[in-house]
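The values are calculated or read from the model by the stated rules, or taken from the named source; none is laboratory data. Just so we're clear, the structure is a prediction, and the values are computed from it rather than from any experiment. Ideal geometry is used to build each Cβ from the backbone, glycine not excepted, and the neighbour counts take in all protein chains shown.
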Amino acid sequence: MHYLLDPPHPIDPQRLGGKATALARLSAAGLAIPDWFVVEPAAFEASLLAPLPETEVEVAQVLRALTPSAALLDALKQRLLLAGGGHWAVRSSALDEDGAQHSFAGQLESWLNVPAEEVAQRVVDVWRSGFAARVWAYRREAGLPPRPHPPAVLVQRMIDAEAAGVAFAADPVNGRRDVAVVSAVHGLGTALVGGEADADTWRVDEAGSIIEFSPADMHIAHRCDAEASDGLRVETLSGVGAPLSDAQVREVATLARAASRYFERPQDIEWAMADGRLYLLQSRPITALGALADP
């Protein structure tokens, strides 16, 4: 088997999870998404030397010795050579993850700025994180079957962002569907997602008017750094302005709304800006809105 799927191949959400399904659909819709492919869960199963046991302790023992199969190593080598090597983000696309009813966001490991020659090992690391103790605990609390499914793994071209962040197509605080919320930091979005930096935040109405701006006191930014152990370095900021112009804020809000129209429900997106071009990195439903009425 090849074990890798590229857009525009059809994506089965029951096998490949929410993130891969969303990216496949948005790629087909023509939105600007960095080059990506997905490692199927079958690659995990083919890498096992024996059937996966049922209990948490036994699974952990199996995963400690797990290595990628020769077929997967060859498939990754060929795909990454075709893409010209470079650096990649490696993250999960697990079943039950980033859905409308359950969100496993932050439960599984992600690896950023990974050199092509290290992608295979990071795929294994994502597999292992899919069976971490916190995932078993979350599933028990959520009333899901106890043993996790092996996650599909997204491999996406790393964007060396000048600015990045998140955007909500509806206000997650008050539920208003006519207001988008854009949050941005300098550099990579990891500083925001990891809680190391506060973000400048804008609220944008349906006409594209910025109705509120809340600046943050930013002291650091994350930048790509191939020499760092985790692929990132922390840069100290001083006297910097907002990471986005007003026009770019509107562009991000428009992107969040475009994704929401496509999925017919408000979306929470991750985005990055590099060389003046806006990229969509992820899109998922805003789970916290529930059934609040439109204003």
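The table for this structure:
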item	result
Those residues of region 16-58 which are at negative phi, in contact with a strand residue (DSSP E or B) (Cβ under 7 Å, 6 or more places away or on another chain) and of a type outside the set (A, V, I, L, M, F, W, C), in sequence order	Gly18, Lys19, Pro34, Asp35, Glu40, Pro41
Pick from region 18-46, criterion of a type in the set (Asp, Glu) and outside any helix (DSSP H, G or I), ranking: farthest from Leu95 (Cα to Cα)	Asp35
Which numbered condition Ser183 fails, given (1) more than 30 Å from Glu54 (Cβ to Cβ); (2) of a type in the set (Gly, Ala, Ser); (3) in contact with a helix residue (DSSP H, G or I) (Cβ under 8 Å, 6 or more places away or on another chain); (4) crowded, with 23+ Cβ neighbours inside 10 Å	(4)
Flag if Ala60 is assigned by TED's automatic domain parsing to the domain that holds Pro151 and part of a helix (DSSP H, G or I)	yes
Strands (runs of 3 or more DSSP E) fully within region 196-293 counting 3 or more residues that are under 28 Å from Ala20 (Cβ atoms)	220-224, 267-274, 277-285
Region 121-165, residues that are under 18 Å from the mean Cα position of the chain (by Cα) and of a type in the set (Gly, Ala, Ser)	Ser129, Gly130, Ala152, Ala161, Ala163, Ala164, Gly165
Neighbours by Cβ (under 7 Å, 6+ apart or cross-chain): first from region 242-263, closer than 16 Å to Gly30 by Cα; second part of a helix (DSSP H, G or I) and at pLDDT below 95	Ala259/Leu26; Tyr262/Arg25; Tyr262/Leu26
All positions within region 140-180 that are among the β-branched types (Val, Ile, Thr) and buried (at least 20 other Cβ atoms within 10 Å of the Cβ)	Val153, Val155, Ile159, Val166, Val179
Whichever residue in region 53-68 is hydrophobic (A, V, I, L, M, F, W, C) and free of Cβ contacts under 8 Å to residues at least 24 places away in the same chain and, among such residues, is surrounded by the most Cβ atoms within 10 Å (Cβ to Cβ)	Val62
Selection within region 160-195 - part of a loop (DSSP other than H, G, I, E, B) and β-branched (Val, Ile, Thr)	Val173
Cβ pairs under 9 Å, 6+ apart, first in region 205-223 and under 19 Å from Arg250 (Cβ atoms) and at pLDDT 95 or above, second among the hydroxyl-bearing types (Ser, Thr, Tyr) and outside any loop (DSSP other than H, G, I, E, B)	Gly208/Thr254; Glu212/Thr201; Phe213/Thr201; Ser214/Thr201; Pro215/Thr201
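Quick grid of which residues meet (1) closer than 30 Å to Gly130 by Cβ; (2) polar (S, T, N, Q):
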{"site": "Pro151", "(1), (2)": "yes, no"}
{"site": "Met158", "(1), (2)": "yes, no"}
{"site": "Ala161", "(1), (2)": "yes, no"}
{"site": "Asn174", "(1), (2)": "no, yes"}
{"site": "Val182", "(1), (2)": "no, no"}
{"site": "Gly195", "(1), (2)": "yes, no"}
{"site": "Arg203", "(1), (2)": "no, no"}
{"site": "Phe213", "(1), (2)": "no, no"}
{"site": "Ala216", "(1), (2)": "no, no"}
